[in-house]
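A quick write-up on the structure given underneath.
The values are calculated or read from the model by the stated rules, or taken from the named source; none is laboratory data. Nothing here was measured: the structure is a model prediction, and the numbers come from that model. We place every Cβ from the backbone using ideal geometry, glycine too, and count neighbours over all the protein chains shown. SASA here: full protein model, heavy atoms, side chains in, ligands and nucleic acids out. Shrake-Rupley method; radii C 1.70, N 1.55, O 1.52, S 1.80 Å.
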Amino acid sequence: VQLQASGGGVVQAGGSLRLSCAASGLAFSTYAMGWFRQAPGKEREFVAAISRSGVNTYYFDSVKGRFTISRDNAKNTVYLQMNSLKPEDTAVYFCARKSEVGTMSNAGQYDYWGQGTLVTVSS
């Protein structure tokens, strides 16, 4: 199983970025997927998750209304559209495969993780 995250970069506050996570080696459409982030000196935190079909989505409170998670099962890819970015969104963003049934925000229920892509938001 491989998860390849991309799309990070440097953007000014108020700007937008779109992250992608290309999956291989797994039956992509049979797994919920999630995005997490880790800022320097902080613990990894949940950002967003999406159900297998893409019908249901879940967000961390601080990104609701600004971030949108989506997926294209035909392309084995999950996306994170990030708008109205703030300096506090600066972090390494990771995509992950959810392997267990339960709370979407629980990192312990995800088994495979991408390598991360750095998002830097300047003020």
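May I ask you to list the residues in segment 76-110 that are in contact with a strand residue (DSSP E or B) (Cβ under 6 Å, 6 or more places away or on another chain) and of a type in the set (Asp, Glu)?
ASP89
Taking only pairs six or more apart or across chains, which ones have beta-carbon atoms under 8 Å, a first residue in segment 1-12 that is touching a residue at least 40 places away in the same chain (Cβ under 8 Å) and of a type outside the set (Phe, Trp, Tyr), and a second residue that is open to solvent by 100 Å² or more (accessible area, probe 1.4 Å) and assigned to a strand (DSSP E or B)?
Sorted first by the residue in segment 1-12, then by its partner, the pairs are GLY7/ARG18.
Can you name the number of the only condition in (1) over 15 Å from ALA107 (Cβ atoms); (2) part of a strand (DSSP E or B); (3) touching a Leu at 6+ places or on another chain (Cβ under 7 Å) that TRP35 fails?
(1)
As an exercise: evaluate LEU26 against (1) aliphatic (A, V, I, L, M); (2) surrounded by 12 or more Cβ atoms within 10 Å (Cβ to Cβ); (3) modelled with pLDDT of 95 or more and give the number of the one condition it does not meet.
(3)
Scan segment 99-123 residue by residue and report those that are modelled with pLDDT of 95 or more and more than 18 Å from GLN38 (Cβ to Cβ).
SER122 - this is the single residue of segment 99-123 that is modelled with pLDDT of 95 or more and more than 18 Å from GLN38 (Cβ to Cβ).
With the requirement that a residue be β-branched (Val, Ile, Thr) and either farther than 18 Å from GLY102 by Cα or open to solvent by 50 Å² or more (accessible area, probe 1.4 Å) (or both), what does segment 29-58 give you?
Within segment 29-58, THR30, VAL55, THR57 meet the criteria.
For segment 91-108, enumerate the residues that are among the hydrophobic types (A, V, I, L, M, F, W, C) and either in a loop (DSSP other than H, G, I, E, B) or open to solvent by 30 Å² or more (accessible area, probe 1.4 Å) (or both).
Hits for segment 91-108 are VAL92, VAL101, MET104, ALA107.
Every residue in segment 69-90 that is over 13 Å from GLN4 (Cβ atoms) and either at pLDDT below 95 or in a loop (DSSP other than H, G, I, E, B) (or both), please.
Result: ASN73, ALA74, ASN83, SER84, LEU85, LYS86, THR90.
From the set of residues in segment 5-21 that are within 16 Å of the chain's Cα centre (by Cα) and open to solvent by 50 Å² or more (accessible area, probe 1.4 Å), which is farthest from LEU85 (Cα to Cα)?
Taking the candidates together, the pick is SER6.
Would you confirm whether or not segment 63-74 contains a residue that is open to solvent by less than 70 Å² (accessible area, probe 1.4 Å), free of Cβ contacts under 8 Å to residues at least 12 places away in the same chain and under 22 Å from ALA22 (Cβ atoms)?
Yes, because at least one residue in segment 63-74 is open to solvent by less than 70 Å² (accessible area, probe 1.4 Å), free of Cβ contacts under 8 Å to residues at least 12 places away in the same chain and under 22 Å from ALA22 (Cβ atoms).
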